[in-house]
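Worksheet: the structure to be examined is printed underneath.
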Amino acid sequence: MPVIIKENNVFVLETKNTHYVFGIDCLGYNRHIHWGKKCDTNDYCMQRIGDENSNHSMLDEYKQEYTVFGSTMFRECDLKVEFSDRCREIRLEYRGYEQDGDILKLNFADVYYPLEVTLNYQVFDNTDIIARWVTIKNTGSETIIAERLFSAEFSLPSVKPYTFTNTNGAWGAEFLETSNLLDGGNLIFESRRGGSSHNNSPYFIAHQNANEKSGAVYFASLAYSGNFKVAASRDLYGITRVSIGMNDFDFEYSLKGGESFDAPKVYCGLAEGFGDMSRQMNRFAVDHLLPKQFAHKPLPVLFNAWEAVDFRVNCENQTELAKIASDIGVELFVMDDGWFGNRKNDWAGLGDWYVNKEKFPNGLGELIKNVNDLGMDFGIWLEPEMVNADSDLFRAHPDWAYHYDTRKASELRHQLVLNMTKPEVQEYIFTVMDELLTENNIKYIKWDMNRPYSETGAENLENPKMLWYLHIKAVYDIVDKLKEKHPDVAFEACASGGGRADLGAMSHFDQVWTSDNTDAIDRMVIQKGYSRLRPIKAMRAWVTDPGWYKFSSLQFRFNIAMQGSLGIGGNLSKYSAEELEICKQNIALYKEIRDIVQFGDLYRLLDIDEDEVLMNQYVNSDKTKSVVFIAANGTRFFKKRIPLRFDGLDPDKRYTFKFFNDEIEKSGSYLMEVGIPAHIRGRDYNTIIVIEEKK
Ligand code: DGJ
């Protein structure tokens, strides 16, 4: 994938379909030139801008790749530091570029202070995704304190306002989409809770009336699981800019002499419609982002006993559930919360990662053997970053939780957050988990995290404001180290549901828990928001028992859960023979189609909110197979006689499939342009169509 470097310091990143162009002007400023369709590369140049008047310097009008604080640049900046003499101005000069394969680095240095700043860009073969991040280096001996350290800045091409789509969710209602027209002023999406959270998402999606199939969509997603900030603004000149990176809320990073720091990566791209955007990011995540061990392997069908027995796990009830799970085709049996310490409910036990002998008198080995003998792998739940006050760990090390001696620490779910910046805490977590994995045949860890941080005293740190970053780094480091030592163990990131479902987590964990809300009707919306900029195969989706608030049949629940990596979470011991048969058949079907779902292209064809019908189609890469999920929860006014029009097929291939009692054979072009008639009605309408190329 070429990086074209033109004379006069103009750089063109050529992706599959786009050009991303920037350069250095004669004053040494980094300037953004173009992000869009490919043009004649000879034409790209730096346009001259002069001072407007004494209140608006030309710097106000600059579109920059990265803005540092200082001079007459009054708008949002990406980097603000304090030097040892308390000077807070940065004045960079350009020092040249380096190219190493697909990575381009533009080097800058402060004209006076020992600060180097490198803007990094990486392009990837056959995609339109570009990775961007910044590196700062202290080449002196005195500490430099960064108060703001974003990863990248983007300028959008049109002078007309853009709409920003993000999520505005909560626990049990993750990934609910929100759209805001940014006409003027600033728009912020952020997390201040320690994790990337259930609320906003660490990305931007900017467009002007785009839809699933058309309209330019600019997007960028931050690979970071901590506090983040997406700061968009539109100025008087109609320039829309977006900065994205670690949140500067209560943030500092002390860079000692000789140290350098890489800010988290941002993955950005340009798409034609939201569908194309999601497909680009989905493919990119599988090929370049998810940990290599499992990225290209289909994820197993799992059973998780949390909703069936909550904390009341024991060898008998887990074995009983395991027998039924194996019978219906489950491949991985996961024991959730409750197996350790004095864990009877959520008041006690977190931190004591040794097996509860009352529940498992013969240790974990007996259950694991039972599960393995049934032909399934075994997985287990931990919440390593947390501690209950009522635990041996906390009694022994009360200073291991974040706290201020002068303040009472707030408990949420009766638990406190461990100070992950302490090496002894990291060592403890690594050691207990390493021993657990060494002594037992465990193939899967569900790493949970059930509360935001508060009273974040970390007096062990010279600069306690670094805790936000160091905490997340410790989580990533421990997971990486465990994976290196136990390469056949898959990890799932869970945070009270979908509170840690960001691309940072997905660079270390193999999958994420989407939401504790497993109600199939709500999941139609939750999964749509998830699918915007997150990989489908990483999305764990369970079939559970009804009873949250609404009715949906077992078949309906399978229809929805099969649109991600399927899991079963219901209380199987209460299922009738007929219900177990439904499970068996659906799991068998899922195993046939999971390659298409987990690795294929998703087309969101009908939307449950806008169209009253959900229709999602997944197509494999050579367009020989496709699976379509259709579901509706009660259409109104008897009106849903509609042609089902498909997408993503090869117009010239002929396809066959069964639709209720009809055997259908049509060309791809017919199916996409004309479609087949359907009458969608009833409160529990659901069907799955498997389309295959006619041989
Ligand atoms: C929250 C998770 O999201 C659930 O799936 C479950 O693991 C519970 N924690 C266990 O405490």
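The values are calculated or read from the model by the stated rules, or taken from the named source; none is laboratory data. Note that the structure is a prediction, hence the values are computed from the model and not measured. We place every Cβ from the backbone using ideal geometry, glycine too, and count neighbours over all the protein chains shown. SASA here: full protein model, heavy atoms, side chains in, ligands and nucleic acids out. Shrake-Rupley method; radii C 1.70, N 1.55, O 1.52, S 1.80 Å.
Looking only at the stretch 210-240, count how many residues are closer than 15 Å to Pro157 by Cβ, modelled with pLDDT of 95 or more and either touching a Gly at 6+ places or on another chain (Cβ under 9 Å) or open to solvent by 10 Å² or more (accessible area, probe 1.4 Å) (or both).
9
Of everything in the stretch 307-316 that's outside any loop (DSSP other than H, G, I, E, B) and open to solvent by 30 Å² or more (accessible area, probe 1.4 Å), which residue is farthest from the ligand (Cβ to nearest atom)?
Across the stretch 307-316, the extreme among qualifying residues is Glu316.
Any residue at all in the stretch 112-132 that's within 30 Å of Ile526 (Cβ to Cβ), modelled with pLDDT of 95 or more and out of contact with any helix residue (DSSP H, G or I) (no Cβ under 9 Å at 6 or more places or on another chain)?
yes
Only one residue in Ala285, Ala295 is surrounded by fewer than 23 Cβ atoms within 10 Å (Cβ to Cβ) and within 30 Å of Asp647 (Cβ to Cβ). Which one?
Ala295
With the structure loaded, tell me whether Tyr618 is of a type in the set (Phe, Trp, Tyr) and open to solvent by 10 Å² or more (accessible area, probe 1.4 Å) or whether it fails that test.
It is false that Tyr618 is of a type in the set (Phe, Trp, Tyr) and open to solvent by 10 Å² or more (accessible area, probe 1.4 Å).
Among (1) crowded, with 18+ Cβ neighbours inside 10 Å; (2) in a helix (DSSP H, G or I), where does Ala588 come up short?
(1)
Name the single residue that is farthest from the chain's Cα centre (by Cα) among those in the stretch 376-398 being within 23 Å of Asp310 (Cβ to Cβ) and in a helix (DSSP H, G or I).
Restricting to residues being within 23 Å of Asp310 (Cβ to Cβ) and in a helix (DSSP H, G or I), the top hit is Asp392.
Condition first: farther than 21 Å from Tyr603 by Cβ, of a type in the set (S, T, N, Q) and either in contact (Cβ under 8 Å) with a residue 40 or more places away in the chain or in contact with a helix residue (DSSP H, G or I) (Cβ under 8 Å, 6 or more places away or on another chain) (or both). Now tell me which residues in the stretch 190-230 satisfy that.
Hits for the stretch 190-230 are Ser191, Ser196, Ser197, Ser201, Gln208, Ser225, Asn227.
Could you say whether any residue in the stretch 362-381 is within 16 Å of the ligand (Cβ to nearest atom) and open to solvent by 60 Å² or more (accessible area, probe 1.4 Å)?
no
When the stretch 683-695 is examined, which residues are found to be open to solvent by 40 Å² or more (accessible area, probe 1.4 Å) and not acidic (Asp, Glu)?
Within the stretch 683-695, Arg683, Val690, Lys694, Lys695 qualify.
Looking at (1) under 25 Å from the mean Cα position of the chain (by Cα); (2) under 21 Å from Gly648 (Cα atoms); (3) not in a helix (DSSP H, G or I); (4) not hydrophobic (A, V, I, L, M, F, W, C), which is the only condition Arg594 fails?
The single condition Arg594 does not satisfy is (3).
Within the stretch 1-52, how many residues are closer than 17 Å to Gly269 by Cβ, β-branched (Val, Ile, Thr) and touching a helix residue (DSSP H, G or I) at 6+ places or on another chain (Cβ under 9 Å)?
2
Output yes when any residue across the stretch 135-152 is open to solvent by 40 Å² or more (accessible area, probe 1.4 Å) and under 22 Å from Ala220 (Cα atoms), and no when none is.
Checked against the condition, which is being open to solvent by 40 Å² or more (accessible area, probe 1.4 Å) and under 22 Å from Ala220 (Cα atoms), the stretch 135-152 yields no hits at all.
Just checking, which of Gly498, Gly457 is small (Gly, Ala, Ser), crowded, with 24+ Cβ neighbours inside 10 Å and closer than 25 Å to Asp346 by Cβ?
On inspection, the qualifying residue turns out to be Gly498.
Each row is one residue, and each column tells you yes or no for (1) modelled with pLDDT of 95 or more; (2) closer than 24 Å to Leu299 by Cα; (3) among the acidic types (Asp, Glu).
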site: Leu418; (1), (2), (3): yes, no, no
site: Gln426; (1), (2), (3): yes, no, no
site: Thr431; (1), (2), (3): yes, no, no
site: Asp434; (1), (2), (3): yes, yes, yes
site: Ile442; (1), (2), (3): yes, yes, no
site: Asp448; (1), (2), (3): yes, yes, yes
site: Thr456; (1), (2), (3): yes, no, no
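Does any residue of the stretch 364-375 turn out to be modelled with pLDDT of 95 or more, over 28 Å from the mean Cα position of the chain (by Cα), more than 23 Å from Lys422 (Cα to Cα) and outside any helix (DSSP H, G or I)?
Yes, the conditions are met somewhere in the stretch 364-375.
What pairs come up if the first residue lies in the stretch 321-348 and is free of Cβ contacts under 8 Å to residues at least 24 places away in the same chain and closer than 11 Å to Ile568 by Cβ, the second is within 15 Å of the ligand (Cβ to nearest atom) and basic (Lys, Arg), and their beta carbons are under 9 Å apart, counting only those six or more places apart or on different chains?
That search, which allows pairs on different chains as well, returns nothing.
If you scan the stretch 322-338, which residues turn out to be crowded, with 24+ Cβ neighbours inside 10 Å and either among the aromatic types (Phe, Trp, Tyr) or more than 15 Å from the ligand (Cβ to nearest atom) (or both)?
Ala322, Ala325, Val330, Phe333
Of all residues being touching a strand residue (DSSP E or B) at 6+ places or on another chain (Cβ under 8 Å) and not aliphatic (A, V, I, L, M) in the stretch 413-433, which is farthest from His471 (Cα to Cα)? Just the residue, please.
Filtering the stretch 413-433 for residues that are touching a strand residue (DSSP E or B) at 6+ places or on another chain (Cβ under 8 Å) and not aliphatic (A, V, I, L, M), the one farthest from His471 (Cα to Cα) comes out as His414.
Just one of (1) surrounded by fewer than 22 Cβ atoms within 10 Å (Cβ to Cβ); (2) touching a Phe, Trp or Tyr at 6+ places or on another chain (Cβ under 7 Å) trips up Met539, so point out which.
Evaluating Met539 over (1) surrounded by fewer than 22 Cβ atoms within 10 Å (Cβ to Cβ); (2) touching a Phe, Trp or Tyr at 6+ places or on another chain (Cβ under 7 Å) leaves (1) as the failure.
Looking at the structure I just gave you, is Ile5 part of a strand (DSSP E or B), open to solvent by 40 Å² or more (accessible area, probe 1.4 Å), closer than 28 Å to Ile90 by Cα and among the aliphatic types (A, V, I, L, M)?
yes
Can you find, within the stretch 296-306, the residue that is nearest to the ligand (Cβ to nearest atom) among those that are closer than 16 Å to Gly570 by Cβ and at pLDDT 95 or above?
Ranking the qualifying residues of the stretch 296-306, first place goes to Trp306.
Of all the residues that make up the stretch 473-500, how many are in contact with a Phe, Trp or Tyr (Cβ under 7 Å, 6 or more places away or on another chain) and under 17 Å from Val417 (Cα atoms)?
Qualifying residue count, the stretch 473-500: 4.
What pairs come up if the first residue lies in the stretch 426-449 and is under 17 Å from Val475 (Cβ atoms) and of a type in the set (S, T, N, Q), the second is modelled with pLDDT of 95 or more and in a loop (DSSP other than H, G, I, E, B), and their beta carbons are under 9 Å apart, counting only those six or more places apart or on different chains?
Note: pairs meeting the criteria are Gln426/Met420.
Tell me which residues, restricted to the stretch 12-42, are within 18 Å of Ile103 (Cβ to Cβ) and out of contact with any strand residue (DSSP E or B) (no Cβ under 9 Å at 6 or more places or on another chain).
The answer is Lys16, and nothing else.
Can you pull out the strands (runs of 3 or more DSSP E) entirely within the stretch 399-518 that have at least 1 residues that are within 16 Å of the ligand (Cβ to nearest atom) and closer than 29 Å to Arg532 by Cα?
Ranges flagged: 444-447, 490-493, 511-513.
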